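Data block below; observations after.
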Amino acid sequence: MKAIVDAARTHQMRIFFSRHTTLPNEVAGVSQLKAAMALQRVNNVSEVKPNFLPDSPSHAIVPQLSPLPSEVAFDKLTMSAFVGSYLDLALRDVRIQAVAIIGAVLEFGIEPTVRHAADLGYVPVLIQDACYSFSEQNRARSLDNLRSIALITETNTFNKTLNRM
């Protein structure tokens, strides 16, 4: 992932980081609790552990990818980075038409973000080797699902393409 972020910085691309956020169970809504139950494979709300509370270590962006002062990090409660955030407005305001997408977890946060980007009219460019998955089976399924709506590439190809510009 660092190679992609470094290349984007070198080419002065706008960089937005999103962090999945969980609310304390006492204030979480049905959709957040239902999603947490599925992800944590528990059968009762009382078993849900809010994994990504603000200010917790699991909520932080890894130090080697820390946003620069000219970059933005925002929190999201949903799987898509576009829902409930200012991402779409920020991109449209500067006439961006394509978005390069990397991160974790391909089958939970990245796939919905890629789909949503396509639905909003962006050209999603998914850099597959810069996305984490829980399993190779999940990875293959997500990539197959996205082939018809996204440009799927790898870090080296993405970087070579940027260097030709």
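Checking each residue in the stretch 84-136 for being under 23 Å from Ser31 (Cα atoms), of a type in the set (A, V, I, L, M) and touching a helix residue (DSSP H, G or I) at 6+ places or on another chain (Cβ under 7 Å) picks out Leu106, Val114, Leu120. The single condition among (1) in contact (Cβ under 8 Å) with a residue 24 or more places away in the chain; (2) closer than 25 Å to Gln12 by Cα that Arg92 does not satisfy is (1).
Among the residues of the stretch 98-107, the ones that are part of a loop (DSSP other than H, G, I, E, B) and at pLDDT 95 or above come to 0 in all.
Exactly one residue out of Pro24, Pro57 is in contact (Cβ under 8 Å) with a residue 24 or more places away in the chain, more than 27 Å from Leu146 (Cα to Cα) and surrounded by fewer than 16 Cβ atoms within 10 Å (Cβ to Cβ): that is Pro24.
Kindly indicate the residue of the stretch 108-165 that is small (Gly, Ala, Ser), in a helix (DSSP H, G or I) and buried (at least 18 other Cβ atoms within 10 Å of the Cβ) and also modelled with the lowest pLDDT among those meeting that condition. Selected residue: Gly109. For the stretch 2-35, the candidate set comprises residues that are of a type in the set (Ser, Thr, Tyr) and not in a strand (DSSP E or B); within that set, the residue that is nearest to Ser70 (Cα to Cα) is Thr10.
Please count how many residues of the stretch 99-112 are more than 21 Å from Leu162 (Cα to Cα) and either without any contact (Cβ under 8 Å) to a residue 40 or more places away in the chain or touching a Gly at 6+ places or on another chain (Cβ under 7 Å) (or both). Looking only at that region, the number is 8.
Residue under question is Val45, and the condition is that it be modelled with pLDDT of 90 or more, more than 23 Å from Ile102 (Cβ to Cβ) and surrounded by fewer than 13 Cβ atoms within 10 Å (Cβ to Cβ); does it hold? The answer is no for Val45.
Within the stretch 68-84, the presence of a residue that is within 24 Å of Leu23 (Cα to Cα), part of a helix (DSSP H, G or I) and of a type in the set (Val, Ile, Thr) is excluded. Take Val62 and decide whether it is β-branched (Val, Ile, Thr), at pLDDT 95 or above and over 16 Å from Ala150 (Cβ atoms). No. With respect to the conditions (1) under 17 Å from the mean Cα position of the chain (by Cα); (2) at positive phi; (3) of a type in the set (Asp, Glu), Asp55 lacks only one, and its number is (1).
The values are calculated or read from the model by the stated rules, or taken from the named source; none is laboratory data. The model shown is predicted, which means the values in this text are computed figures rather than measured ones. Using ideal geometry, Cβ is built from the backbone for each residue, glycine included, and neighbour counts are taken over all protein chains shown.
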